[in-house]
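The values are calculated or read from the model by the stated rules, or taken from the named source; none is laboratory data. A quick note: this is a predicted structure, and the numbers were derived from the prediction, not measured. Because the Cβ atoms are built from the backbone with ideal geometry, glycine has one as well, and the counts that use them run over all protein chains shown.
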Amino acid sequence: MKKVFLNIISNIAPMLNKSIKLKPTKERSLQRFHPWVFSGAIKSISPGVEDGDVVTVLNNKERLLGKAHYSSGSIAARMLSFEHEPIDQKFWDDRIKAAFSVRKRIGLIDSKDTNIFRLVHAEGDHLPGLVIDYYNGTAIIQCHSIGMHKSIEQICEALKNCTDGLVRSIYNKSSETLPKEYAKEMENAYMHGESSSEMEGLENGNHFYVNWITGQKTGFFIDQRENRKLIAHYSRNKTVLNTFCYSGGFTIYALAAGAKQVDSLDSSQKAMDLVEKNVAYYPDLAARHNCITADAMDFIKNLNSDYDIIVLDPPAFAKHRDAKHKAVQGYKRLNARAIEQIKPGGLIFTFSCSQVVDKELFKNTIAAAAIVAKRKIRILHQLHQPADHPINMFHPESEYLKGLVIQVDQ
Ligand code: SAH
């Protein structure tokens, strides 16, 4: 009797809360744990639901599918849970603890030579719309959904209480990642503690200055950590061109590994100032380094190259599905030029961080670029994002960083 009563309650309760109901069959992707619901899948929304609310997600027969953050955009709901659990402080604590324990397992929490890493990687940590990067004591939060932003106080509490004292200050840098209209009066600010915005950190023993207030994204491109290690392996006595270099991650590793010469290039003067500063930290490296502020494509086009290694790490050429074709053309042109110009036997470290360009498409694009350049290439390494950017198996889009190390034979 009691069981029947509980069943009735658990079936009715969701209908009393804020909820969204899906059209028939539209729950299929959720049954495969894909965490997004597109607006076209929604049959009805209960009264009073606003952007950013936590809603109960029901199928067409009112069966409960989980809890989500509602949004009025094309991704209408981002799943927080596939169960009927309250989204309360305990929920946030548990999710942050789980993310923390993954970083501990990877070895990042106790590492002596790396104190820059990603602590929360959105869907990859079952927290769609939330990115948290960690810089030597400070956590930088970027909310990509209004729902996450409305939950930020609880996220902050979880960061303070569930990370073994690792997080000493918290900076909210969401004004540029939230929908423009919602964020128009928002300012980025510290939510806990405060620290000098220019931080000094270590990545695999290499020293970097990072400024999360003035820098791009959260201040540093953490996702290239392992790939930078690989360039060090090939750089001894080599001449390297690091294009789209931002703060010079690949540059420092290559120089420290004994590169003969590294030229760093970015179109942003601010980025180039930062590279110069990062190189200057190591006075004995500066003599082998050169800064170039220029458009990468223009520079490579006119290059009469004797580079042994070229790095191509452009920003995402396509942020949306409809820009995919143009993006592919962009990657093809850029890579064709680099393949054309590099020394015989040279290596190209080429990347794409566009979510909509998958591994296979990227590989095919590089093959097409080699055909345009009329040169033979082979793949030595296939690269990807590191383990602190975990991939949610049910959300292929969370596998966003792809890279190839190609050797250009003749
Ligand atoms: N490789 C970097 C991250 C690259 S982010 C690292 O390891 O940290 C992409 C960079 O490309 C940004 O710094 C941006 O300023 C630069 N950029 C964007 N468009 C460019 C262009 N047309 N030419 C050169 N640099 C460009």
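Assorted remarks:
- Output for segment 182-193, where each listed residue is in a strand (DSSP E or B) and either of a type in the set (A, V, I, L, M) or within 28 Å of Gly73 (Cβ to Cβ) (or both): Ala189, Met191
- Within segment 78-97, residues that are surrounded by 18 or more Cβ atoms within 10 Å (Cβ to Cβ) have Cβ atoms under 6 Å from residues that are β-branched (Val, Ile, Thr) and outside any strand (DSSP E or B) in these pairs: Leu80/Ile87; Trp92/Ile155, counting only partners at least 6 apart in sequence or on another chain.
For (1) near the ligand (Cβ under 10 Å from one of its atoms); (2) assigned to a loop (DSSP other than H, G, I, E, B); (3) surrounded by fewer than 21 Cβ atoms within 10 Å (Cβ to Cβ), each residue gets a yes or a no:
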| residue | (1), (2), (3) |
| --- | --- |
| Ser195 | no, yes, yes |
| Leu202 | no, no, yes |
| Ile213 | no, yes, yes |
| Thr218 | no, yes, no |
| Asn227 | yes, no, no |
| Leu230 | no, no, yes |
| His233 | no, no, yes |
| Val240 | no, no, no |
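- All positions within segment 358-394 that are over 20 Å from the mean Cα position of the chain (by Cα) and among the small types (Gly, Ala, Ser): Ala367, Ala368, Ala369, Ala370, Ala373
- Where a residue in segment 141-155 is in contact (Cβ under 8 Å) with a residue 60 or more places away in the chain and crowded, with 23+ Cβ neighbours inside 10 Å and its partner, wherever it lies, is in a helix (DSSP H, G or I) and hydrophobic (A, V, I, L, M, F, W, C), with Cβ under 6 Å and at least six apart: Ile155/Trp92
- Every pair of residues 6+ apart whose Cβ atoms lie under 6 Å, when the first sits in segment 40-59 and is crowded, with 19+ Cβ neighbours inside 10 Å while the second is of a type in the set (Asp, Glu): Asn59/Glu27
- When segment 278-305 is filtered for residues that are closer than 20 Å to Ile252 by Cα, surrounded by fewer than 18 Cβ atoms within 10 Å (Cβ to Cβ), away from the ligand (no atom under 14 Å from the Cβ) and not aromatic (Phe, Trp, Tyr), the ones remaining, listed by number, are Ala280, Pro283, Asp284, Ala286, Ala287, Arg288, Asn290.
- Residues that are modelled with pLDDT of 95 or more, surrounded by fewer than 21 Cβ atoms within 10 Å (Cβ to Cβ) and more than 16 Å from the ligand (Cβ to nearest atom), drawn from segment 345-357: Gly345
- Contact map, segment 346-368: first residue assigned to a loop (DSSP other than H, G, I, E, B), second residue more than 16 Å from the ligand (Cβ to nearest atom), Cβ cut-off under 6 Å, separation 6 or more or different chains; pairs are Gly346/Asp308; Gly346/Val408; Gln355/Glu397; Val356/Arg321; Val356/Lys324.
- Within segment 27-39, residues that are under 11 Å from Glu123 (Cα atoms) sit with their Cβ atoms under 6 Å from residues that are in a strand (DSSP E or B) and hydrophobic (A, V, I, L, M, F, W, C), at 6+ positions apart or across chains, in these pairs: Pro35/Met79; Trp36/Ile75.
- Residues located in segment 309-341, provided they are away from the ligand (no atom under 12 Å from the Cβ) and surrounded by fewer than 21 Cβ atoms within 10 Å (Cβ to Cβ): Ala318, Lys319, His320, Arg321, Asp322, Ala323, Lys324, His325, Lys326, Gln329, Lys332, Glu340
- Filter result for Ala271 (under 19 Å from Gly219 (Cα atoms) and crowded, with 20+ Cβ neighbours inside 10 Å): yes
- Of all residue pairs spaced 6 or more apart or on separate chains, those with beta-carbon atoms under 9 Å, a first member in segment 297-314 that is in a helix (DSSP H, G or I) and a second member that is of a type in the set (Gly, Ala, Ser) and within 14 Å of the ligand (Cβ to nearest atom) are Met297/Gly330; Ile300/Ala338.
Residue-by-condition table, conditions (1) among the acidic types (Asp, Glu); (2) in contact (Cβ under 8 Å) with a residue 60 or more places away in the chain; (3) not in a helix (DSSP H, G or I):
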residue	(1), (2), (3)
Lys112	no, no, yes
Phe117	no, yes, yes
Glu123	yes, yes, no
Glu157	yes, yes, no
Thr163	no, yes, yes
Ser175	no, no, yes
Leu178	no, no, yes
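- Condition broken by Phe394, with the remaining ones in (1) over 23 Å from Lys301 (Cα atoms); (2) crowded, with 18+ Cβ neighbours inside 10 Å; (3) touching a Phe, Trp or Tyr at 6+ places or on another chain (Cβ under 6 Å); (4) in contact (Cβ under 8 Å) with a residue 60 or more places away in the chain satisfied: (2)
- Filtering segment 19-57 to residues that are of a type in the set (Gly, Ala, Ser) and in contact with a Lys or Arg (Cβ under 7 Å, 6 or more places away or on another chain) leaves Ala41, Ser44, Ser46, Gly48, Gly52.
- When segment 397-410 is limited to residues that are assigned to a loop (DSSP other than H, G, I, E, B) and out of contact with any helix residue (DSSP H, G or I) (no Cβ under 9 Å at 6 or more places or on another chain), the one that is surrounded by the fewest Cβ atoms within 10 Å (Cβ to Cβ) turns out to be Gln410.
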